[in-house]
1. Between L412 and M464, what length comes free when the chain is fully extended (0.36 nm per residue of separation minus the Cα-Cα distance, one decimal in nm)?
2. Add -39500 (n - 2.57) for each DSSP H run of 4 or more in the chain, then divide by its residues: what number comes out at 222 nm, to the nearest 500 deg cm²/dmol?
3. What is the angle, in °, between the Cα long axis of helix 499-516 and the longest principal axis of the Cα atoms in the chain? Nearest 10 is fine, range 0 to 90.
4. Two-decimal Rg/Rh of the range 5-200 from alpha-carbon positions, Kirkwood Rh?
5. Largest first and to the nearest Å, give the Cα extent of the chain along each principal axis.
6. With the contact rule set at Cα under 8 Å and sequence spacing of 6 or more, what percent relative contact order holds for the chain?
7. Ranked highest first by the average count of other Cβ atoms within 10 Å around their residues, in what order do 358-364, 132-138 fall?
8. Hey, what's the chain come to in accessible area per residue, 1.4 Å probe, Å²?
Amino acid sequence: MRIPLRVRVLAGQAANLALVVLVWVGAFLLLIELGRSAQSILSENYRSIEAATGMLRALARQDAAQLAALGGSSAGMEDEFTQAETDFLQWLAREKDNITLPGEEAAAADAESLYAVYLARHRAFSRMLPFGAVAARSFYETRVVPARQAVEERTEQLIDMNRGQMYGASRRTSRMATRSLALTILVGVLALVGGALLSVWLSRRITAPVRRLTALTREVAEGNLDVYITPPSRDEIGQLAGSFDAMVKRLKQYRDMDVARLVAERTRADAILAVIGDGILTIDADYRVTSVNAAALAAVGRGRDEVIGRHFLEVMRDEAMFEQLKRTHERGEAPAEGEQEFSVERDGRKLHFRYAFTPIRTGDGQSLGVVLFMQDISKFRELDRLKTEFVMTASHELKTPLTSLTMAVRLLDELPLDERGRELVATAREETDRLKSTVYELLDLSKIEAGRIEMHPEPTDVAMLCEQAAEALAGPAADKRVRFACAVEGAVPAALADPDKVLLVLANLLGNALRYAPAGGEVRVGARGGHGRVYVSVEDDGPGIPLDAQSRVFEPFYRVEGEEHRGGSGLGLAIAREIIRAHRGAIWVESEPGRGSRFIFTLPTARAKNKEGDDGTAD
Ligand code: ADP
């Protein structure tokens, strides 16, 4: 049966109210009873006492009349006596009308008959009076007085009876009052206790399911959806419990759906990862590998079991890469140096991989881990090598005829020629010079790429190299009114580098900066140490480099569109990158079009000599 909670609460309060009303009614009834018994005392017994007292007064008056007659004044005696007699009979009649006690009627009847005797004696006494006072007195004393006393006695008996009754009634009333008080207190206390028990029971009944609901809600909030509450009743709380069950059921459905969806997503992702030709490795916030695809397993040369759940360092054994991974995770952004490369020896073959770290972030920017992307570039490297070999051979083959050509043009220049001839020879000389420098640069580049140029690393003071490079360019700088500002931050540790090659890199960067800096401007050269590396930067206020060209300026022959007219072969930065790479350093550019460019390269410090796999960073 469905009783609404509101009705139940009201019923509980009504029951309490009923108890209070009950106590009130009881006390009220007792009061009425008390009042009634007190009234009966007054109205019944008091009237009898009043009547009896009236009778006694009448008797006294009759006695006084008789005594006055004996004293000689018998004139008014009969009148007075008769009047008192009338009074007596009236009081007696009232008494008889008000018989309330057992024996009272008999006593009244006795008094009446005795009064008749007294009246008879009085009549005899009246008749004797004219015949002498002595006989009359004697008759009065011996016959009249005893008869009157007998009446008085009976009448007093009536008074005593009623007084006794009054006293008894008063005692009863007082007892009843005491009893009523006790009863009222008892019933009041019972009502109070009953009401309190009722309230406690009712509130328990109402709040118990609410408390259970609260506990279950907490469990649900903590993620336990296997809870169930049987609706305790069909009232509002029962309905709430029913809704709670429905909600938990629905949540469970959603969770199951979600789990199924996640499993499907995961399967899909795994399938995609498996078919992707590039290696992908995901690493969690504790730097443990959480997933890996076949291509990545091939790259690290291990089985799945040796990779999943292992620490990154255990899998890759590359401190420098781990440093980059840590930075990516902590900063929540990919490293500034972008894509890097690593090589491994596998079955006697050298494999080359390009890799990049990408943070995995939640919507609110929290880093959950990092993805390592690895691309096998061994084939490209091989092609590169073949190309380099070709370029090297070609440029080498070009060198001899070019030298002869240059010599020939020089000799031509010494001949007496007309104006036109001289112009043509000057142009030929300019172009052969340019060609020669390009071929030499090409040869340099291919030699460095092929590892044919040996580096002789030694502890090198990079700051000093900066100044040397600036000095070498002092002439052209003065022509353009460009100032070189060398800024060295703190004590720069010695770099482990080939000073001649690094000077070449610096000369290249300073030359470019000088070329692109506005006339009268400034080129800032900086060096500082940190993270086991020396950082060198060359900064100008020139036109800057568009974002899409920034990664390409290091490619051979690449020139930013519209800048071709500034001269140069487009090989300078390519040579610089190869030299820095040969030192296991990194080189990159930071630039905003219109706001100048900043080229940065890193070199290992002399102390970090034994460290493997170096790379650069920009902090
Ligand atoms: P080049 O010998 O033509 O200067 P580089 O390899 O040194 O060749 O440079 C490649 C290209 O990069 C240049 O043609 C130019 O477009 C761009 N570049 C290099 N340095 C700067 C710079 N400081 N400011 C703007 N652009 C630059």
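1. Difference between extended and current length: 14.4 nm.
2. My calculation for the chain gives -21000 deg cm²/dmol from helical runs alone.
3. 80
4. Rg/Rh for the range 5-200 comes to 1.39.
5. 221, 56, 45
6. 9
7. Highest mean packing first, the order is 132-138, 358-364.
8. I get 57 Å² per residue for this part.
The values are calculated or read from the model by the stated rules, or taken from the named source; none is laboratory data. Keep in mind that what you see is a predicted model, and the values were worked out from it rather than measured. FYI the Cβ positions are ideal-geometry reconstructions off the backbone, even for glycines, and counts take in every protein chain you see. Ligands, DNA and RNA are excluded from the accessible area calculation, which covers all protein heavy atoms including side chains. Shrake-Rupley method; radii C 1.70, N 1.55, O 1.52, S 1.80 Å.
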